[in-house]
Structures are given as C-alpha cells and as structure tokens.
Amino acid sequence: MKVIIDTNGLMIPVQFKVDIFVELSRLGYDEFMVPQAVVDELQILIKRYKGNHKMAANVALSLCDRCMILDAKGVADDVIVQLAEDNGAAVLTNDVGLRSRLDQKHISVIQLRQKNRLEITV
C-alpha cells in the first residue's frame, strides 16, 4: 500500500523517537512517497530553524532518501491532497488543517497516537 509522508511526519523520528518506517510497515504500507514540495519545505526549514528543530528537519530530509520523490511542486498541502487522490494513497501527517482536508475527501490519514505509535484514521 502507498503512503505520502508530510513534512511533520518526516520529523516524528527526532521529535518523538518513533521509527515511522517500522510503524508504517506494521500498518501494511510498503511504498513511501514524498512530494518535491515537501523536500523544498524541509530545505527552507533547515535554513530557518536552530537547535533541535533544525536537527529534526535535517534528519527528515535525510529520511527522504528512503522514499520515492514525486515531482510535484507548489504548496505542500495542496500537492499532497492531489497526489493522494491521484495515487489512492494514505497520508502520514499530524497537521490538523491537512487532516481535515483529507477527511473531507475520504482519504486515509495516518497520525501519531500517544506519542509512541502511528494509527490509521479514515
């Protein structure tokens, strides 16, 4: 199954010490995708942030190497919604606004629960 990973989803390993790839595999996902818009956003965050936030963004960018990078640019949330619809993919995100948009389109959302595991919401 396919999953698109949002910027904050890629930052979960540093912020909460959760291996997102192990958790996504446990949930049945085996195809990890990241839009170029998310990669671009992470590069901006690396320049803007300091300390732990900068480290989380750096680790998130390095985790993109384990994913298929989709050539989709624009506003990250807009790109993610469109790609999820086009590819029949779920989305890993903790972003409340994005989750709401995905819920309206009946796209599966994977989010962090109890700061120690990922869970699917439909």
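Please treat every number below as a calculation from the coordinates, not as lab data. On a predicted model such as this, the values are computed, not experimentally measured, just so you know. Virtual Cβ from ideal backbone geometry, glycine too; neighbours counted across all protein chains shown.
Quick look at the values:
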read-out	value
Matching option when the condition is under 13 Å from the mean Cα position of the chain (by Cα), hydrophobic (A, V, I, L, M, F, W, C) and closer than 26 Å to Q114 by Cβ, among F32, F16	F32
Within segment 105-120, tally of residues that are polar (S, T, N, Q) and touching a Leu at 6+ places or on another chain (Cβ under 9 Å)	2
Complete set of residues in segment 1-16 that are part of a strand (DSSP E or B) and under 10 Å from A60 (Cβ atoms)	I5
Pairs, first closer than 14 Å to K2 by Cβ in segment 69-86, second exposed (fewer than 14 other Cβ atoms within 10 Å of the Cβ), C-beta under 7 Å, six or more apart	E85/K105
Options Y49, Y29; residue that is surrounded by 13 or more Cβ atoms within 10 Å (Cβ to Cβ), aromatic (F, W, Y) and more than 20 Å from G88 (Cβ to Cβ)	Y49
